[in-house]
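S.K.: Shown below is the structure under consideration.
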Amino acid sequence: MVLTPIFERAYARPELLADSGWLAERLTDLRVRVVDARSAEQYAAGHIAGAVHLDGFGHNIPRAENGDMGSPAEWARLVGELGIGNDTTVVVYDTPSQRMGMVAWTFLYYGHAGVRILDGGVTKWLAEGRPLETQTPQWPAVRYVARPVEAVYCSLDQAKAGVGDADFVFWDTRSEDEYTGEEAGFRSPPRPGRIPGAAHLEWTELLDPESRTLKPAAELRQLLEAQGITPDKQVASYCNGGARGALGGFVLRVLGYDRGQTYAGSFAQWSSQPDTPVER
């Protein structure tokens with residue numbers, strides 16, 4: 001199968017993606033750190049050389065009890081212990097799935113300038129005959145400073161204010177059955193359904209089903225705009241626990257949606273509130 005190179009897919013911010021060939025040439029570059037966002041078991045079974053582990057389903061990512069993002073100090077400690085400094089280029093990967101989106105978007109949120117997602121993830125990496133290793137690297141800890149970028153983050157209060165606002169669109173990245181309320185899905189929110197007025201486009205539609213690379217910009221924009229998710233509006237992507245929504249939020253940035261955000265608390269937080277409406 002012939003894959004279209006990243007630069008030919010016309011993304012507004014292609015620097016948020018990394019090609020496997022580009023990464024392979026930089027595995028010994030101390031200014032680059034690879035982050036494996038898969039489960040601990042998958043990481044232990046084999047990972048890209050030099051990769052550190054950071055589970056994208058939130059087991060490592062600091063979160064408040066109510067679903068909000070954790071404190072900058074918590075994130076700074078975690079990232080610094082992985083040997084990642086503020087000037088390190090971070091390349092995040094998984095199979096790929098929504099895990100990579102959670103990790104990459106979290107780096108964006110805490111103000112990391114040089115973060116990328118490995119396009120096609122470990123699936124494309126292995127298909128090209130590239131190796132994995134099982135040795136766990138030991139990188140020396142460094143000082144890291146986290147500076148949250150509120151422009152990419154939608155809080156609960158902002159989400160409440162967005163309901164019914166013609167300039168605000170919620171993007172529900174979950175499955176069709178979760179969107180309609182037919183099933184609760186991951187984290188089983190207490191009131192199944194969706195945020196009123198939310199548009200729906202499942203996160204799986206963002207990726208080519210065979211190569212697992214991100215679809216070209218024109219195709220992604222067409223999919224989003226067909227659901228009313230347009231770059232002129234404030235867009236808040238969400239799911240149940242935040243990971244699928246975070247991938248959506250990251251892709252919005254790749255496409256140049258400058259008003260794109262992620263509602264990290266997502267539907268698990270929304271449906272747990274006593275004063276939030278739920279639509280089915």
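S.K.: Restricting the search to the stretch 164-205, which residues are under 21 Å from the mean Cα position of the chain (by Cα), closer than 13 Å to CYS239 by Cβ and aliphatic (A, V, I, L, M)?
M.R.: ILE195, ALA198, LEU201 - these are the residues of the stretch 164-205 that are under 21 Å from the mean Cα position of the chain (by Cα), closer than 13 Å to CYS239 by Cβ and aliphatic (A, V, I, L, M).
S.K.: In addition: Which residues, taken from the stretch 162-183, are touching a residue at least 40 places away in the same chain (Cβ under 8 Å), among the small types (Gly, Ala, Ser) and part of a loop (DSSP other than H, G, I, E, B)?
M.R.: Selection gives GLY181 alone.
S.K.: Something else: Restricting to the stretch 121-151, give me the number of residues that are β-branched (Val, Ile, Thr) and crowded, with 16+ Cβ neighbours inside 10 Å.
M.R.: 2
S.K.: Six or more apart or on different chains, Cβ atoms under 6 Å: show the pairs whose first residue is in the stretch 214-239 and surrounded by 14 or more Cβ atoms within 10 Å (Cβ to Cβ) and whose second is in a helix (DSSP H, G or I) and polar (S, T, N, Q).
M.R.: Every condition considered, the pairs that remain are TYR238/SER266; CYS239/SER266.
S.K.: Anything in the stretch 96-120 that is of a type in the set (Gly, Ala, Ser) and surrounded by 15 or more Cβ atoms within 10 Å (Cβ to Cβ)? List them, or say none.
M.R.: Matches in the stretch 96-120: SER97, GLY101, ALA104, GLY111, GLY114, GLY120.
S.K.: Go through the stretch 1-54 and count every residue that is part of a helix (DSSP H, G or I), over 13 Å from THR136 (Cβ atoms) and at pLDDT 95 or above.
M.R.: Of the residues in the stretch 1-54, 10 are part of a helix (DSSP H, G or I), over 13 Å from THR136 (Cβ atoms) and at pLDDT 95 or above.
Results for (1) in the same structural domain as PHE186 (by TED's automatic domain parsing); (2) in contact (Cβ under 8 Å) with a residue 40 or more places away in the chain; (3) not aromatic (Phe, Trp, Tyr), shown as yes or no for each residue.
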site	(1), (2), (3)
SER71	no, no, yes
VAL90	no, yes, yes
GLN98	no, yes, yes
PHE107	no, no, no
GLY111	no, no, yes
LEU118	no, yes, yes
PRO131	no, yes, yes
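S.K.: What is the number of the single condition among (1) part of a loop (DSSP other than H, G, I, E, B); (2) surrounded by 18 or more Cβ atoms within 10 Å (Cβ to Cβ); (3) touching a Phe, Trp or Tyr at 6+ places or on another chain (Cβ under 7 Å) that ALA159 does not meet?
M.R.: Condition not satisfied by ALA159: (1).
S.K.: A follow-up question, please. Can you give me the number of residues within the stretch 165-197 that are at negative phi, surrounded by 20 or more Cβ atoms within 10 Å (Cβ to Cβ) and touching an Asp or Glu at 6+ places or on another chain (Cβ under 6 Å)?
M.R.: Of the residues in that region, 2 qualify.
S.K.: Separate question: For ARG130, indicate whether it is in a strand (DSSP E or B) and either in contact with a Pro (Cβ under 8 Å, 6 or more places away or on another chain) or under 22 Å from VAL32 (Cβ atoms) (or both).
M.R.: Answer is no for this residue.
S.K.: Taking the stretch 243-276 as the search range and keeping residues that are under 13 Å from the mean Cα position of the chain (by Cα) and charged (D, E, K, R), which one is farthest from GLY101 (Cα to Cα)?
M.R.: ARG253
S.K.: Considering only the stretch 61-80, I want to know if a residue exists there that is touching a helix residue (DSSP H, G or I) at 6+ places or on another chain (Cβ under 7 Å) and surrounded by fewer than 17 Cβ atoms within 10 Å (Cβ to Cβ).
M.R.: yes
S.K.: Mind counting the residues in the stretch 239-256 that are closer than 16 Å to LEU201 by Cα and either assigned to a loop (DSSP other than H, G, I, E, B) or not assigned by TED's automatic domain parsing to the domain that holds GLN158 (or both)?
M.R.: 4
The values are calculated or read from the model by the stated rules, or taken from the named source; none is laboratory data. The model shown is predicted, which means the values in this text are computed figures rather than measured ones. Please note: Cβ atoms are built from the backbone with ideal geometry, for glycine as well, and neighbour counts cover all protein chains shown.
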